[in-house]
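Comments concern the structure below.
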Amino acid sequence: MTLEEIRTKINEIDDQLLPLLTARLDRGREVAAVKQKTGGPVLNPERENEILDRMESRAGEYGREVRVIYAACMEASRSLQHRLLGSGEELRALIQGAKDRLPSGGRIACQGAEGAYSHQAALRLFPKGELSFSHAFGDVFEALRQGTADFGILPVENSSAGSVTEVYDLILKYRFFIAAATTVKIDHCLAVPKGTRREELQMVYSHPQALAQCSEYLKSNGLSAEPFSNTAAAAKMAAQQGGSIGVICSQQAAETYGLTILDHDIQNSHSNCTRFMAVCRGPVIPPDAQKISLCFSLPHTTGSLSGVLSRFAIHGLNLTKIESRPLADKNFEYDFYLDFSGNVHEADTLDLIAALYEELPRFSFLGNYRELEATP
């Protein structure tokens with residue numbers, strides 16, 4: 001049999017399958033109608049596993065493949081039922097009541113010190129903001145929790161050094177909302193206290209991410225590195241302490257604290273950028289929001305993550321990030337943080353989020369926001 005003849009046979013089988021698949025989805029509609037009256041949950045794991053086990057055992061050598069196909073059928077049926085039932089009433093009400101614009105000002109908490117890259121991000125998002133700086137990322141979240149700040153500015157990801165895992169852990173701990181995001185172009189320089197010569201340098205201080213971003217420069221120049229809480233805070237410390245130490249920081253931080261710049265643009269990648277988020281206590285969803293963030297955990301069963309991700313494919317939504325973080329009180333169980341492109345004012349997108357809200361443990365809608373790209 002030729003390839004074309006085989007493909008013709010496949011088309012014939014597909015033509016036979018389609019009416020059966022649509023009939024199965026029709027039964028899903030009927031199930032939704034019954035559950036509308038009885039109030040039963042859409043997800044019934046015991047019933048689904050019973051069907052999957054039965055079909056796998058009957059399929060012989062194709063058991064695993066058939067199980068995957070039936071799992072996809074049930075994911076699609078559940079998605080349809082959630083849409084028909086209008087699942088996730090609490091989440092829908094939360095989104096409906098969200099503010100629709102980001103203020104230009106307010107009390108803005110940043111980690112670090114004046115001149116830090118977080119300072120640049122804060123000024124870009126809140127040009128009239130009243131800025132305050134703290135030592136640790138956790139202090140920013142505590143300022144929000146205690147009501148002494150309206151928004152917190154936090155770095156979440158660098159294009160070359162990856163995710164700032166401590167911040168993701170705090171996002172998953174506090175479950176505040178993401179109101180906006182922006183990307184800041186990173187141009188690191190090596191700066192020293194006035195009067196310090198290059199040959200006198202004994203140690204270079206900076207945030208661990210900045211040290212990682214400049215690792216090639218440090219190695220090629222034989223410089224030892226020491227982690228510090230923040231790039232600008234390191235610059236401030238060097239200016240106060242003086243001596244034969246250097247820092248990796250922005251030009252703005254070096255100038256702010258009166259340091260001498262020895263070298264500019266020392267990062268490994270010259271397209272280096274850091275993504276910052278503005279976090280707050282209540283949702284802010286502008287009409288032109290284009291990025292959605294969620295977090296959730298999953299049942300500790302085979303294929304649970306694959307099943308959730310398939311739902312995004314069904315709805316034609318593009319995932320842009322997924323991050324897993326271990327649950328402190330569980331062995332090998334995780335919270336997942338997920339970004340995707342979309343707007344909750346689109347009915348299909350809201351239906352998906354509402355369905356996941358009903359089904360997934362520890363689910364939180366973290367926000368739908370605009371993301372400003374890096375300035376040149």
Next on the checklist: Can you say whether Q96 is open to solvent by 50 Å² or more (accessible area, probe 1.4 Å), free of Cβ contacts under 8 Å to residues at least 60 places away in the same chain, farther than 30 Å from G303 by Cβ and polar (S, T, N, Q), as far as the supplied structure shows?
Outcome noted: yes
Item to check | Single residue of region 257-271 satisfying the filter (within 15 Å of L218 (Cβ to Cβ) and polar (S, T, N, Q)) that is surrounded by the most Cβ atoms within 10 Å (Cβ to Cβ) | outcome: Q267
Next on the checklist: Residues that are free of Cβ contacts under 8 Å to residues at least 24 places away in the same chain, among the aliphatic types (A, V, I, L, M), under 18 Å from G303 (Cβ atoms) and not in a helix (DSSP H, G or I): does region 40-57 have at least one?
Outcome noted: no
Next on the checklist: Among (1) open to solvent by less than 30 Å² (accessible area, probe 1.4 Å); (2) closer than 30 Å to A289 by Cβ; (3) in contact with a strand residue (DSSP E or B) (Cβ under 6 Å, 6 or more places away or on another chain), there is one condition K185 misses while meeting the rest; what is its number?
Outcome noted: (1)
Next on the checklist: Which residue is modelled with the highest pLDDT, if the candidates are limited to region 315-353 and must be acidic (D, E) and under 14 Å from the mean Cα position of the chain (by Cα)?
Outcome noted: D339
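Can you go through Q252, Q240, Q209 and tell me which one is assigned to a helix (DSSP H, G or I) and farther than 21 Å from P155 by Cβ?
Exactly one of Q252, Q240, Q209 is assigned to a helix (DSSP H, G or I) and farther than 21 Å from P155 by Cβ, namely Q240.
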Checklist entry - Of all residues in region 272-286 being assigned to a loop (DSSP other than H, G, I, E, B) and modelled with pLDDT of 95 or more, which is most open to solvent (accessible area, probe 1.4 Å)? => result R281
Checklist entry - Residue check: is A179 small (G, A, S) and either assigned to a strand (DSSP E or B) or open to solvent by 30 Å² or more (accessible area, probe 1.4 Å) (or both)? => result yes
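Taking the options E166, E226, E216, name whichever one is assigned to a strand (DSSP E or B), among the acidic types (D, E), open to solvent by 30 Å² or more (accessible area, probe 1.4 Å) and in contact (Cβ under 8 Å) with a residue 12 or more places away in the chain.
None of the others qualify; the one that does is E226.
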Item to check | Filtered residues of region 288-308 (kept if closer than 27 Å to Q96 by Cβ and open to solvent by 30 Å² or more (accessible area, probe 1.4 Å)) | outcome: D288, Q290
Item to check | Only listed residue being of a type in the set (A, V, I, L, M), part of a helix (DSSP H, G or I) and within 21 Å of E358 (Cβ to Cβ), chosen from A23, A33 | outcome: A33
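The values are calculated or read from the model by the stated rules, or taken from the named source; none is laboratory data. Fair warning: this is a prediction, and the values are worked out from it, not measured in the lab. Neighbour counts are summed over all protein chains in view; Cβ atoms, including those assigned to glycine, are modelled from backbone coordinates with ideal geometry. Accessible surface areas use protein heavy atoms only, side chains included; no ligands, DNA or RNA. Shrake-Rupley method; radii C 1.70, N 1.55, O 1.52, S 1.80 Å.
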